[in-house]
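In what follows, a single structure is set out as structure tokens and then discussed.
The values are calculated or read from the model by the stated rules, or taken from the named source; none is laboratory data. Owing to the predicted nature of the structure, the values given are computational and were not obtained by experimental measurement. Methodologically, a virtual Cβ is constructed for each residue, glycine included, from the backbone with ideal geometry; neighbour enumeration extends over all protein chains shown.
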Amino acid sequence: MNRPTAFQKEFFPATAMPDNAWWSALWPDPDGIVRTLGIEAGMTVVDLCCGAGYFTAPLAKSVRGNVYALDIDPEMLSQARSEVARRGASVTEWFCADARDIAELIPHEIDYVLIANTFHGVPDKTALAEGVAQVLRPGGRFAIVNWHQIAREQTTVLDKPRGPKTEMRMSPEQVRAVVEPAGFQLAGLVELPPYHYGAIFRKP
Ligand SMILES: C[S@@+](CC[C@H](N)C(=O)[O-])C[C@H]1O[C@@H](n2cnc3c(N)ncnc32)[C@H](O)[C@@H]1O
């Protein structure tokens with residue numbers, strides 16, 4: 001992929017890793033989320049923008065270490081490594097990199113790419129999806145876990161409004177409109193209560 005140097009190694013807006021106290025209150029069963037998304041043993045998976053490893057660890061357990069995990073923030077990767085080790089799991093390879101470089105970093109034989117709680121902040125969403133499409137095998141899947149498009153004041157956790165600003169939130173239809181032009185087909189939508197959905201796309 002060619003892109004201007006100025007776009008290299010930049011954090012996406014409004015994607016800072018949340019505080020663990022309310023994150024774990026919001027997601028009490030991350031292993032269940034991984035199952036609901038259809039990720040299972042035998043797959044090779046990418047956790048794109050893995051943060052502190054809240055989903056990386058259950059992913060790694062589920063697919064027995066066949067995970068590539070990537071985040072731009074070295075401190076997040078350090079926390080994710082600790083979390084994966086704490087769960088007695090392992091990861092094939094860690095990348096401290098910009099997600100937009102996925103196609104240059106990760107082998108092109110992946111079964112499943114997950115991006116959770118980050119896509120809303122990606123400036124060029126179709127371009128990112130094009131990069132994801134390059135690493136997926138035919139039939140591979142790309143799941144985007146997003147906050148529902150409801151007002152931030154209504155998405156309270158531990159008594160406070162949480163998540164990205166209301167105007168940054170995307171409906172599943174809006175996600176579909178920017179991801180399908182990259183060569184994907186929407187394969188399913190799953191509810192991830194109380195405030196999230198997963199949009200699962202398939203590469204034909
Ligand atoms: C809100 S956190 C979500 C982490 C994790 N996916 C989860 O749901 O627990 C978003 C993560 O995206 C990372 N990030 C932001 N911009 C990035 C970029 N351009 N490339 C790779 N990672 C990025 C941040 O460092 C942060 O760890």
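Quick notes on this structure:
- Out of Val132, Val84, one residue alone is over 30 Å from Glu167 (Cβ atoms), assigned to a helix (DSSP H, G or I), more than 10 Å from the ligand (Cβ to nearest atom) and touching a residue at least 12 places away in the same chain (Cβ under 8 Å). It is Val84.
- Residues in region 31-54 that are touching a helix residue (DSSP H, G or I) at 6+ places or on another chain (Cβ under 9 Å), more than 9 Å from the ligand (Cβ to nearest atom), of a type outside the set (A, V, I, L, M) and part of a loop (DSSP other than H, G, I, E, B): Glu40 alone.
- Restricting the first member to region 32-50 and to residues that are under 13 Å from Leu136 (Cα atoms), and the second to residues that are among the charged types (D, E, K, R) and away from the ligand (no atom under 14 Å from the Cβ), the beta-carbon pairs closer than 6 Å and six or more apart or on different chains are Met43/Asp111; Thr44/Asp111.
- Only listed residue being part of a loop (DSSP other than H, G, I, E, B), within 11 Å of the ligand (Cβ to nearest atom) and under 17 Å from Tyr195 (Cα atoms), chosen from Pro28, Pro18: Pro18
- Pairs meeting the criteria (first residue in region 150-165 and more than 13 Å from Leu26 (Cβ to Cβ), second residue among the hydrophobic types (A, V, I, L, M, F, W, C) and modelled with pLDDT under 95, beta carbons under 7 Å, at least 6 apart or on different chains) are Pro164/Ala14; Lys165/Ala14.
This table checks each residue for (1) assigned to a loop (DSSP other than H, G, I, E, B); (2) out of contact with any strand residue (DSSP E or B) (no Cβ under 9 Å at 6 or more places or on another chain); (3) surrounded by 19 or more Cβ atoms within 10 Å (Cβ to Cβ).
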site	(1), (2), (3)
Thr126	no, yes, no
Pro138	no, yes, no
Val145	no, no, yes
Gly163	yes, no, yes
Met170	yes, no, yes
Ala177	no, yes, no
Gly188	no, no, no
Tyr197	no, no, yes
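- Filter pass, Ala57 being away from the ligand (no atom under 15 Å from the Cβ), outside any strand (DSSP E or B) and either buried (at least 24 other Cβ atoms within 10 Å of the Cβ) or not charged (D, E, K, R) (or both): no
- Among (1) within 10 Å of the ligand (Cβ to nearest atom); (2) out of contact with any Gly (no Cβ under 8 Å at 6 or more places or on another chain), the one test that Ile102 misses: (2)
- Ala177 hydrophobic (A, V, I, L, M, F, W, C) and without any contact (Cβ under 8 Å) to a residue 12 or more places away in the chain: yes
- Screening Gly65 with (1) more than 13 Å from the ligand (Cβ to nearest atom); (2) assigned to a strand (DSSP E or B) gives one miss only, at (2).
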